[in-house]
Structures are given as structure tokens and as C-alpha cells.
1. Between helix 125-138 and the chain, what is the angle of the helix's C-alpha long axis to the longest principal axis, kept within 0 to 90° and rounded to the nearest 10?
2. Please list the radius of gyration and Dmax for the stretch 3-70, considering alpha-carbon atoms only, with Å as the unit.
3. Return the Rg/Rh value of the chain, two decimal places, where both radii are evaluated on C-alpha atoms and Rh is the Kirkwood radius.
4. Give the relative contact order (percent, whole number) for the stretch 161-202; include only Cα pairs under 8 Å separated by 6+ residues.
5. Counting only DSSP beta bridges with both residues in the chain, what percent are antiparallel, rounded to the nearest 5?
6. Among 197, 149, which comes first, then next, by fewest other beta-carbon atoms within 10 Å?
7. Could you please rank 107, 26, placing first whichever residue has the fewest other Cβ atoms within 10 Å of its Cβ?
8. Run lengths n ≥ 4 of DSSP H only: what is the helix-derived mean residue ellipticity at 222 nm for the chain, with -39500 (n - 2.57) per run over all residues, to the nearest 500?
């Protein structure tokens, strides 16, 4: 069951009142929520609420809070994905996959082998944010992921400690997973890079090597970029926990 984001101020005396027009329309008109149905909500303090609807019309939805507790659906560290912008369908899938894997920030970047232009990508950030937000609700995340403005790798990593940077590389790997994560500072943001459909260019690999970035291979298999995100982030998350 998906949950819906509300403000803690929407709850008084264990009664949750939804008056936000967009959310109300979605619940009452689109989902056709009715009295007696169970709904889940979460507030800005990452408190999860299990509720039962007691009133639902076009002006207000009210629900009785049956149970509340801190949500555990977030990572205990901040994970940032730096991803080369992909073609529309693949990009949408990547945004959804990254959100499901718990990233806090998604940095779309232009790389040498991008299949799309920056001009055609900048205007799509709002759409990508909406995809991420919907995925957060469906997966009951405790927080939203932030899709940042389109940039480039050098600008995103300008002031980042290289020990907290891992490049998912289809070649030129220079470390194992254990080596890649052994000196990571969990109190700082962790940056994971994934390339375009055609892979990073030789010039980009030279830049990674010059800056002593950790180049991590996902093995002998070659993944499409949206799936490489899942494979890479999942193994990293599993080890870091």
C-alpha cells in the first residue's frame, strides 16, 4: 500500500485532516477512497501513520489515527547518484530505480557519450522529480529524493572527498568492493557514478584515474544503465549496512 505525505500540523486529537487540494483530489476523485478504508500517511518528521478513513468528500478527508511510529524506510547514510542522462524511457526507469534503492540526491550529468543533448534534458528535471516523488510514495519511503539540475561530473564532484566517490565502470576497474567501501565516511555524502548507454569515454576514464577515483566493476556481465544502478547500489548498500 502506498503512503501519502502530510504535515504533522494536519493531525489534531488523533484525527488527520487532508485539506490540500491536490492530495484531496487524488485520494477522493482518482483513487475513490471511501469511509472505512485504511490509508497510510507520513509527515515531515518521518513519522508513519496507519489510519482509517471516517469522512471523505470533495472538501475534506478525515481519518482516525490507529497507530504511529518512526519510519525505518531510509538509509542510515546519505547516498548520491551521479548519472549520465539517458534516452527518455531509460531515464525514467533509472530515476525510479535509484529512488527505490534509497538515494537522497540524483545528479543528472552530461557526459561525452550522452545520447541526448543538454538543451533537451534541462526542461525534464521537473518530470523526473515527479517520477521520483511517485516512487517514494509507492515504496513508502520515509523521505523524498531530490533530482538536481543537469550539470557535469566535474562540477558535481568539485568539493567531494575522493574516498567517498565510487565509479561503476565497465572497464579499467582498480579496486574490489571491499576496497571501495573500506575508507568511506558514512557521516558525509557518498557519491556513486554510472555512465551512459555507450559507457564513459577514454577522456573521462583518464579524468577518473588522474583524480584517483575508485573504479568498481560489476563483474563480467554488461548491464543497461538503469539496471547497473540497481546492481551497483544494492551491493554497496548491503556491504555498508
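1. It is inclined by approximately 60 degrees.
2. So, for the stretch 3-70, Rg and Dmax equal 10.7, 30 Å respectively.
3. Numbers: Rg = 20.4 Å, Rh = 19.4 Å.
When Rh is taken as the Kirkwood radius, the ratio is 1.05.
4. Working: 30 pairs, mean separation 24.0, N = 42.
Normalised by residue count, the contact order of the stretch 161-202 is 57 percent.
5. Values: 20 of 44 bridges.
Bridges in the chain are about 45 percent antiparallel.
6. Working: 197 14, 149 9.
Listing 197, 149 from fewest to most nearby Cβ atoms yields 149, 197.
7. Values: 107 22, 26 15.
Taking fewest neighbouring Cβ atoms as first place, the list is 26, 107.
8. Details: 8 runs with 70 residues, N = 241.
The helix contribution divided over the chain gives -8000 deg cm²/dmol.
Readers should treat all values here as calculations from the given coordinates under stated rules, not as data from a laboratory. Small disclaimer: the values here were computed from a predicted structure and weren't measured. We place every Cβ from the backbone using ideal geometry, glycine too, and count neighbours over all the protein chains shown.
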